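Okay, structure first, notes after.
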């Protein structure tokens, strides 16, 4: 196991982040597709699709993940088929409802939208932001999103090449190709980027789930660290070591599949996040963690 790089101590005038949870809908996930053994004791488990608003003392505001869009028929045909046949969704409120209810205007008040990755349940409807909002995806996501195998060139693809306005979208640099010092080790992670340059938010490269998967380590205004873990795992038992990442046989193709594009890398990242919690004392929030959600749904309001 590599060294644990200590998290930075706060400076005398340390900026901190006002963190708010946003609604992104709910999903009903087939248990066997995500974990083994199935510790939920149900065929499907209902999970939240949590998203986040980060407000920096400079006045900059960032949304991390967009959850589901209400008009699911406007996903790509492949995604819409999946939502009809495999994974059911509920979207009583979306990110934009949450923002407006908290007095935040998505047309004017959001500087940046960062996607933890480009699976449909994290992409929502970016067109609902105003013309000045910038977009960012993780290293490696660009090939999926703008490559030759994206929708509509590949009509079966889940990745829509028109998801983001290309002139306002940026891909984070791939480690090994990035400018020197862009990615640095932090905690148990080989690659983290100090986003604001003041140790208030670190973007963590989080390989395994999907190319471009990133997490955020946030110095929350209470003074503690919060780790927004995206799809590192889909149930807290995976993080706790009570279950393992599963593989399953795809009914349509007969091929062996996994919820993560690189199972080995995903398992390594889960262990690193667990180490951040256990050795670093950091609170971990998986974006689909119903256990956390039920205990903490009223924490981090938008309007506070």
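Read-outs throughout are calculated quantities, based only on the coordinates presented, and are distinct from any laboratory measurement. Just so we're clear, the structure is a prediction, and the values are computed from it rather than from any experiment. All Cβ positions, glycine included, derive from the backbone under ideal geometry; neighbour counts span all protein chains shown.
The set of residues in segment 269-299 being over 16 Å from the mean Cα position of the chain (by Cα), buried (at least 18 other Cβ atoms within 10 Å of the Cβ) and closer than 23 Å to residue 211 by Cβ consists of 272, 274, 276.
Scanning segment 1-39 for residues that are assigned to a loop (DSSP other than H, G, I, E, B) and under 30 Å from residue 101 (Cα atoms) yields 14, 15, 16, 23, 24, 25.
Scan segment 227-237 and give yes if some residue there is in a loop (DSSP other than H, G, I, E, B), under 20 Å from residue 19 (Cβ atoms) and either more than 14 Å from the chain's Cα centre (by Cα) or without any contact (Cβ under 8 Å) to a residue 12 or more places away in the chain (or both), otherwise no. No; the residues of segment 227-237 include none that is in a loop (DSSP other than H, G, I, E, B), under 20 Å from residue 19 (Cβ atoms) and either more than 14 Å from the chain's Cα centre (by Cα) or without any contact (Cβ under 8 Å) to a residue 12 or more places away in the chain (or both). Within segment 238-266, being touching a residue at least 60 places away in the same chain (Cβ under 8 Å), crowded, with 16+ Cβ neighbours inside 10 Å and either in a loop (DSSP other than H, G, I, E, B) or under 16 Å from the mean Cα position of the chain (by Cα) (or both) holds for 243, 245, 246, 259. Taking the criterion of being assigned to a strand (DSSP E or B), surrounded by fewer than 22 Cβ atoms within 10 Å (Cβ to Cβ) and touching a helix residue (DSSP H, G or I) at 6+ places or on another chain (Cβ under 8 Å), the only residue of segment 188-226 that qualifies is 225.
Could you tell me whether residue 296 is under 29 Å from residue 8 (Cβ atoms) and touching a helix residue (DSSP H, G or I) at 6+ places or on another chain (Cβ under 8 Å)? In short, no.
With 206, 243 as the choices, which residue is touching a strand residue (DSSP E or B) at 6+ places or on another chain (Cβ under 8 Å) and under 16 Å from residue 272 (Cβ atoms)? Of the residues listed, the single one that is touching a strand residue (DSSP E or B) at 6+ places or on another chain (Cβ under 8 Å) and under 16 Å from residue 272 (Cβ atoms) is 206. Listed here are the strands (runs of 3 or more DSSP E) enclosed by segment 82-160 that have at least 3 residues being over 19 Å from residue 259 (Cα atoms), in contact with a helix residue (DSSP H, G or I) (Cβ under 8 Å, 6 or more places away or on another chain) and touching a residue at least 12 places away in the same chain (Cβ under 8 Å): 134-137.
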